[in-house]
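The values are calculated or read from the model by the stated rules, or taken from the named source; none is laboratory data. Given the structure is predicted, the values throughout are model-derived calculations rather than measurements. Glycine gets a Cβ as well: all are built from the backbone with ideal geometry, and neighbour counts include every protein chain shown. Each accessible area value is taken on the protein alone, full model and side chains, heavy atoms only, with ligands, DNA and RNA left out. Shrake-Rupley method; radii C 1.70, N 1.55, O 1.52, S 1.80 Å.
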Amino acid sequence: MPSAYRKSKLFRRSRVLRGSLSLWRTRAVFWFGAIAIGVVSVIFAKLADLAQKAFTSIGSSSEFAFLLPLLITPLGFMLSAYLAAKVFPNSQGSGIPQAIAARHLQENEDRQRLLSLKIAVGKIMLTILGLFCGASIGREGPTVQVGGAIMLAVARFGGMAQARGLILAGSAAGIAAAFNTPLAGIVFAIEEMSRSYQSRANGIVLTAVILSGMAALALAGSYNYFGEASATPTDIRDWGLILICGVGGGALGACFSGFALHFGQRLRRWVHPQPLTRTVAVAGLCGLLVAVIGVGSGSATFGTGYEQARGAIEGHALPMLFFIEKLAASFLSMLSGIPGGIFAPSLAVGAGFGSTVGSLLGTSIALAAILGMAGYFSGVVQAPMTAFVIILEMTGDHQAVIPIMAVSMIGYLTSRILSHEPLYHGLSRVFIASAIRARRSEQRIQAPA
């Protein structure tokens with residue numbers, strides 16, 4: 001009996017040890033994935049900046065070089081659209097709708113169609129191509145899809161079952177590392193990606209954000225995306241900005257998202273008979289219009305709009321019509337279907353709108369730009385908490401906390417009145433339907449005659 005007891009005890013200890021080793025292996029794989037997101041995000045950011053600088057240098061290389069975008073931009077759009085359709089399907093657009101759609105799908109094969117390492121590589125390459133040819137896009141939305149794809153690959157390799165929670169964690173880590181805004185990454189995951197609070201998933205999200213953020217800090221250092229701002233309301237006109245930027249920014253954001261959903265649906269119907277040919281043709285036309293707007297604005301609307309937004313936050317007034325030109329360039333870039341996000345361009349549009357309002361009212365340009373960003377961004381994504389936190393972290397303007405919160409909420413309410421469907425969730429349904437159709441088509445082909 002004593003001998004049998006000792007053997008059973010050793011067997012139990014062996015099982016516990018094997019289980020413990022398996023658990024730590026799973027954790028190590030997860031940690032590796034989170035760190036990888038941070039590293040990839042920093043590399044992506046560096047390459048995106050180089051691409052945008054290269055395009056700017058081409059446009060200023062000679063006396064008539066400013067006209068080169070009329071050739072480079074439409075050709076670049078057409079090449080990007082072709083590669084997205086033929087080589088990297090489901091890499092089109094922002095990337096956030098794909099991540100949302102993947103969380104709603106039940107089958108791993110369906111998720112793989114939207115979030116895979118191949119798509120992640122294509123997303124990075126084609127977003128960089130878009131910035132190289134002057135598209136009004138950003139890298140932050142694509143980083144969400146890349147983060148989700150990395151975490152989904154980690155889930156398969158590590159034998160983890162919580163695919164939906166891991167996609168959420170990867171998406172949050174992507175936003176946090178892209179903007180160096182850890183709180184915004186967490187709030188974005190809760191408010192925009194999941195639309196609910198799930199304590200178990202949020203623990204995974206928090207860990208992923210911390211690890212990816214530490215990796216990004218190690219490579220890029222600590223910084224505020226738009227530097228340090230200290231604008232604060234001082235008189236009645238400054239307080240009036242809250243209402244104007246909230247209502248006006250929210251209305252502009254609702255128009256952008258509403259028209260994007262409406263015209264996107266019409267375009268999908270039009271290209272359906274000849275998907276590749278017509279998709280490339282639409283991209284080329286959109287690219288030409290983006291180039292015309294860019295040349296007419298003195299190249300101000302090309303790229304992310306980071307420099308213009310930062311200038312406004314520092315108190316330098318932007319041209320009065322910049323926000324309209326940038327909004328049009330961003331809308332056309334999105335409508336073209338090429339890979340690229342709308343986060344950074346939306347912040348530039350909002351800063352431009354705020355700058356114009358501030359110039360007309362004679363108020364602080366810096367404060368007006370920050371509040372314009374909050375109102376417009378909240379109107380586009382209809383996520384007021386994300387808008388408030390991300391702008392607060394990017395500008396470091398803690399003196400205007402209450403005004404930024406108020407404008408974000410007013411912008412959200414205005415947008416909800418005018419456009420009932422959130423942009424990213426409306427777009428996600430397209431990818432959900434496409435993934436389901438692809439699976440059913442495969443099932444019909446594999447079914448015995």
| field | Of all residues in the range 428-449 being at pLDDT 85 or above and touching a Leu at 6+ places or on another chain (Cβ under 7 Å), the one that is farthest from residue 89 (Cα to Cα) | value | 432
| remark: With criteria (1) in contact with a helix residue (DSSP H, G or I) (Cβ under 8 Å, 6 or more places away or on another chain); (2) open to solvent by 10 Å² or more (accessible area, probe 1.4 Å); (3) closer than 27 Å to residue 177 by Cα, residue 421 comes up short on (3)
| residue 68 versus (1) surrounded by 17 or more Cβ atoms within 10 Å (Cβ to Cβ); (2) in contact (Cβ under 8 Å) with a residue 24 or more places away in the chain; (3) over 24 Å from residue 156 (Cβ atoms): which is the lone unmet condition? | (2)
| task | Please enumerate the residues belonging to the range 97-130 that are in a helix (DSSP H, G or I), within 15 Å of residue 152 (Cα to Cα) and of a type in the set (A, V, I, L, M). | result | 99, 100, 101, 102, 114, 117, 119, 120, 121
| remark: Among (1) within 22 Å of the chain's Cα centre (by Cα); (2) of a type in the set (Val, Ile, Thr); (3) assigned to a helix (DSSP H, G or I), residue 280 falls short only on (1)
| field | Subset of the range 315-346 [surrounded by fewer than 24 Cβ atoms within 10 Å (Cβ to Cβ) and either at pLDDT below 90 or over 24 Å from the mean Cα position of the chain (by Cα) (or both)] | value | 315, 316, 317, 319, 320, 321
| remark: Considering the range 81-123, residues that are open to solvent by 10 Å² or more (accessible area, probe 1.4 Å) and of a type in the set (S, T, N, Q), and then whichever is nearest to residue 338 (Cα to Cα), we arrive at 92
| field | Matching residues in the range 155-189 - criterion: being β-branched (Val, Ile, Thr) and open to solvent by 10 Å² or more (accessible area, probe 1.4 Å) | value | 186, 187
| task | Please verify whether the range 416-427 includes one or more residues that are out of contact with any Leu (no Cβ under 7 Å at 6 or more places or on another chain), small (Gly, Ala, Ser), assigned to a helix (DSSP H, G or I) and at negative phi. | result | no
| note | Screening 380, 349 for residues that are in a helix (DSSP H, G or I), over 15 Å from the mean Cα position of the chain (by Cα), of a type in the set (A, V, I, L, M) and within 30 Å of residue 270 (Cα to Cα) leaves only 349
| remark: Restricting attention to the range 294-342, the residues that are under 30 Å from residue 275 (Cβ atoms), among the polar types (S, T, N, Q) and either free of Cβ contacts under 8 Å to residues at least 24 places away in the same chain or in contact with a Lys or Arg (Cβ under 9 Å, 6 or more places away or on another chain) (or both) number exactly 2
| said: Let me confirm something: among 374, 406, 400, 387, which residue is buried (at least 23 other Cβ atoms within 10 Å of the Cβ) and over 17 Å from residue 179 (Cα atoms)? | reply: 400
| message | Just the residues that are of a type outside the set (A, V, I, L, M, F, W, C), within 24 Å of the chain's Cα centre (by Cα), assigned to a helix (DSSP H, G or I) and surrounded by fewer than 16 Cβ atoms within 10 Å (Cβ to Cβ), please, taken from the range 215-273. | response | 262, 265, 266, 268
